[in-house]
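To start, the structure under review is shown below, and the notes come after it.
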Amino acid sequence: MTTNNNPDQSSTCPVCGSRLSPNATRCLVCGSSISKSTEKSSKKTEIKGPKVPSITIAWPLVIALVILFLAIGAGAVYAVMNQSGMVVEPSATPTVTTTATITITPTLTLTPTIEPTMTPLPDLEYVVQSNDSCLDIAFLFNVSVNSIVVRNNLSASCDNLVIGQTLMIPQPTPTPSPQPTATLSEVDSTLAACTTASYTVGAGDTLSTIARNYNVEMDAIREWNGMTSDIVYEGQPLVIPLCERLPTAGPTPTATNPPPYQAPSLLLPADGAPFTAANDTIALQWSSVGTLRSDEYYAVTVEDVTEGEGRRLVDYVTDTKFIVPTNFRPNSNVPHVLRWTVMVVRQTGSSADGQAIYQPGGNVSNPRTFIWWANVASTPSP
């Protein structure tokens, strides 16, 4: 491109492009006349080269490219650090809870002992001597006759031995000694048999409150956890030996009385039997209602019906027989009718003066009577 360095001092020919003086009217090269209009047009004529296109980039695109470049770079750095082990994955922190979980203490598992496999010993050689028999050879080597017969293909009776014959004697396979059995000590046995609970100390907990909640002695908790004092801290794991719980005091059992006994059956004497002064001993007998308890008795009542309520005898025995005392015998010559009954009673206490207090423990028997008088001159009818 030709450029006019001083457009005010020179111009160019519009035909050939030669430089002209400022006041030239004709081109000296091509001879063309120069007019002012031509000069002005020549001043406006320029030779321009090809124009370079301009590139315009928007700002959002630039920012996106920068972010993409940074992301690619960060990914490459992470991949390199992860392969080299420099990246540590974050782990979740467990939340400590104070909920007690009852767990069964696992039983100690003993590793079985592998018994060594015994390698069979090689056969022994024996040359048959004079007067040898299979029984003698078997006894000599402490093996069975059958093993010698089978090993040497002999007859079942083993009667075909030849002097000088070489026999193969199978050696008995040694029996391995039994391995000692591992046994638990007394302490380990107690630990394995005890049911325990896991507990994590919470805020405000003390060893005494924990022991009271589980009904376990504080000493037991200290011993099981190897503690030397009663101080516990929040978050401390404890093992609670549930097998050492204290016995719970229950209500005092109320003594229950057995059901009422049946009425005893009166046996002797027969109903209405007569007795005179000569019969000094009158034995009353009845059937047993069963085994009486230590506070139960038979209450025997003898009443003189002839004299009304004035003469009455009550006694308590554990036997099924009662001897009427002779001082209860009537003193008059008039026959007296006496009525007697038996029932089971139970002693419930004592009065202020030391007399036993009885309560009925069953039904009273049907009454019977007997006649008793002092004069033997006449015998009344029943």
| query | Taking the stated definitions as given, is SER332 within 60 Å of the chain's Cα centre (by Cα) and modelled with pLDDT under 85? | reply | no
| query | Across the stretch 22-40, which residue is surrounded by the fewest Cβ atoms within 10 Å (Cβ to Cβ) among those that are at pLDDT 75 or above and outside any loop (DSSP other than H, G, I, E, B)? | reply | SER33
| query | Has the stretch 278-296 got any residue that is free of Cβ contacts under 8 Å to residues at least 24 places away in the same chain, acidic (Asp, Glu) and in a loop (DSSP other than H, G, I, E, B)? | reply | no
| query | What residue, of ARG339, ARG329, is assigned by TED's automatic domain parsing to the domain that holds LEU284, touching a residue at least 12 places away in the same chain (Cβ under 8 Å) and either under 29 Å from PRO260 (Cα atoms) or not basic (Lys, Arg) (or both)? | reply | ARG339
| query | So, of the residues in the stretch 260-318 that are closer than 20 Å to VAL337 by Cβ and of a type in the set (Ser, Thr, Tyr), which turns out to be modelled with the highest pLDDT? | reply | THR301
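The values are calculated or read from the model by the stated rules, or taken from the named source; none is laboratory data. Given the structure is predicted, the values throughout are model-derived calculations rather than measurements. Neighbour counts are summed over all protein chains in view; Cβ atoms, including those assigned to glycine, are modelled from backbone coordinates with ideal geometry.
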